[in-house]
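Written out below as structure tokens is the structure these notes cover.
The values are calculated or read from the model by the stated rules, or taken from the named source; none is laboratory data. On a predicted model such as this, the values are computed, not experimentally measured, just so you know. Neighbour counts are summed over all protein chains in view; Cβ atoms, including those assigned to glycine, are modelled from backbone coordinates with ideal geometry. Each accessible area value is taken on the protein alone, full model and side chains, heavy atoms only, with ligands, DNA and RNA left out. Shrake-Rupley method; radii C 1.70, N 1.55, O 1.52, S 1.80 Å.
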Amino acid sequence: MSCRNIVLLGATGSIGQSACRVARELPGRVRVVGMSGFRNIGRLAVEANRLRPAALAVPDAAAEAELRAKLDYQPAAVFTGPAGLEQLARWEGADMVLVAIVGTGGLRPTFAALEAGKDIALASKEVLVVAGQLVMAAARRSGRRILPVDSEHNAIFQCLEGRDPGQVRRLILTASGGPFRAWPEDKLLAVTRQEALRHPTWHMGEKITIDSATLFNKGLEMIEARWLFDVEIARIDVVVHPQSIVHSMVEFVDGSVLAQMSHSDMRFPIQYALTWPDRLAGSLPPLEWASLGRLDFEEPRYDVFPALNLARQAAEQGGAAPAVLNAANEVAVVEFLAGRIAFPRIWQIVTSVLERCGDRPGGDLESLLASDLAARELAWAEARR
Ligand code: NDP
Ligand code: MG
């Protein structure tokens, strides 16, 4: 494989930082040619000074001035604003764009990158939850690939490679179960921000960590898998696996199951997406089988954590329902993190917003974004009641 030229959208986040490490460990194979940051301009400057990307993107002119003052080299371009993210996604020196912006901010840049003929390494699951059909159609039109970075989907991608989709019976997503996997239901009312942010197996950004605690993360991932692998939602199942060693599985029609395993470190799926189809030797540690001891699997508690059934219902309903679910969840997570609502209110708000506007039709990106906005407004109002 020759060197792959990559733009990192969300370079300052948890996934972005792991991607920078992967790039630093694979010089000559992965070259970072573009990076974006949002609030953390200091971090962006540190990483840019190390990897020296030609193009950068920040939210506004003040952030640009701060960035330039901290850079020890002269980049070819610094883009600003939401349009700047799209310009960066189209950067002519790039082959691939890693989308690792939290929430729906990655949507327009993903379309821009596909239109400009770039492959996508996709971490931001919200992009497929909101507009999976449109994104997959754009990828087909441009003849580009969407390589999954989310560990479950990267695992399934690895298990499916080279196989006939007609031989797949079901996809089985593993879930750690989050910090409250075994908690009694009545204790969930008093869950604090700190408790919810203490994930047992992964270190991630705040939004996805809360999503893991409510299991909305797994719900979003069911919808993400539906689009990535073109498998209907009824054939996508979830099993709780507290050790997070088996990252997901594919069951074939003969009953055989393939699983992908590694330590729970996002550099595994990031590296595979960035270097696919090659497997490169790096510094990632192998599994020590005897010291793993045991791997456990159990049924999710669907009654205590309604997120999985809500996501399945939204996927079956189709249209704008998944976008509505996603938007209501994003708002509810912000409200919980700000200390304004109790933990179970997150799924109560999503349930209520889905009931009130989940039947909006799908359509083009603009109408999906209009539904996203309508759902956000209902969710804000609901959270303040
Ligand atoms: P973080 O919160 O750690 O990072 C988010 C990134 O997005 C940062 O670079 C942040 O910039 C940037 N950002 C935030 N808001 C905006 C905005 N409005 N416009 C442009 N950029 C913005 O999140 P994670 O890295 O944890 O997650 C990123 C995505 O990857 C999410 O969609 C998540 O679901 C997905 N994912 C994450 C995994 C993980 O292990 N972390 C695993 C699987 C999927 P700044 O920090 O400078 O403000
Ligand atoms: Mg995941």
Of all residues making up the range 180-191, the number that are open to solvent by less than 30 Å² (accessible area, probe 1.4 Å) and either within 12 Å of ligand 1 (Cβ to nearest atom) or assigned to a loop (DSSP other than H, G, I, E, B) (or both) = 2
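Of everything in the range 3-53, what is among the small types (G, A, S) and either under 18 Å from W91 (Cβ atoms) or within 20 Å of the chain's Cα centre (by Cα) (or both)? Give them in sequence order. Lay out the reasoning, then the answer.
Initial filter on the range 3-53 (among the small types (G, A, S)): 10-11, 13-14, 16, 18-19, 23, 28, 34, 36-37, 42, 45, 48.
Matches in the range 3-53: G10, A11, G13, S14, G16, S18, A19, A23, G34, S36, G37, A48.
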Would a scan of the range 315-326 turn up a residue that is out of contact with any helix residue (DSSP H, G or I) (no Cβ under 7 Å at 6 or more places or on another chain), open to solvent by 40 Å² or more (accessible area, probe 1.4 Å) and touching a residue at least 40 places away in the same chain (Cβ under 8 Å)?
-> yes
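Can you find a residue that is within 18 Å of the chain's Cα centre (by Cα) and closer than 24 Å to A327 by Cα anywhere in the range 194-201?
yes
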Among the residues of the range 362-385, count how many are under 22 Å from G106 (Cα atoms) and either of a type in the set (A, V, I, L, M) or not in a helix (DSSP H, G or I) (or both).
-> 11
Consider R24 carefully, then state whether it is surrounded by fewer than 19 Cβ atoms within 10 Å (Cβ to Cβ), in a helix (DSSP H, G or I) and either on the phi < 0 side of the Ramachandran plot or within 16 Å of ligand 2 (Cβ to nearest atom) (or both).
-> yes
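Go through the range 281-297 and report how many residues are in contact with a His (Cβ under 8 Å, 6 or more places away or on another chain) and open to solvent by less than 70 Å² (accessible area, probe 1.4 Å).
In the first step, residues of the range 281-297 are kept if they are in contact with a His (Cβ under 8 Å, 6 or more places away or on another chain); the result is 284-285, 287, 295-297.
Adding the requirement that they be open to solvent by less than 70 Å² (accessible area, probe 1.4 Å) leaves 284-285, 287, 295-296.
Of the residues in the range 281-297, 5 are in contact with a His (Cβ under 8 Å, 6 or more places away or on another chain) and open to solvent by less than 70 Å² (accessible area, probe 1.4 Å).
Please pick out the residue among L98, L107, L134 that is closer than 15 Å to D230 by Cβ and assigned by TED's automatic domain parsing to the domain that holds L9. So that I can check it myself, show each step before the final result.
Values: L98 fails: closer than 15 Å to D230 by Cβ; L107 fails: closer than 15 Å to D230 by Cβ.
That would be L134, the only listed residue that is closer than 15 Å to D230 by Cβ and assigned by TED's automatic domain parsing to the domain that holds L9.
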Inside the range 140-177, can you point out the residues that are assigned to a loop (DSSP other than H, G, I, E, B) and either out of contact with any strand residue (DSSP E or B) (no Cβ under 9 Å at 6 or more places or on another chain) or over 27 Å from I210 (Cα atoms) (or both)?
-> G143, R144, R145, E161, G162, R163, D164
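To keep it simple, each residue is scored yes or no on (1) within 30 Å of W276 (Cβ to Cβ); (2) in contact with an Asp or Glu (Cβ under 6 Å, 6 or more places away or on another chain); (3) away from ligand 2 (no atom under 16 Å from the Cβ).
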| position | (1), (2), (3) |
| --- | --- |
| R4 | yes, yes, yes |
| S18 | yes, no, no |
| S36 | yes, no, yes |
| E47 | yes, no, yes |
| P53 | yes, no, yes |
| L56 | yes, no, yes |
| D60 | no, no, yes |
| R68 | no, no, yes |
| Q74 | no, no, yes |
Return the residue satisfying two criteria in turn: it lies in the range 140-150 and is open to solvent by 10 Å² or more (accessible area, probe 1.4 Å) and within 16 Å of ligand 2 (Cβ to nearest atom), and of such residues it is nearest to the chain's Cα centre (by Cα).
-> D150
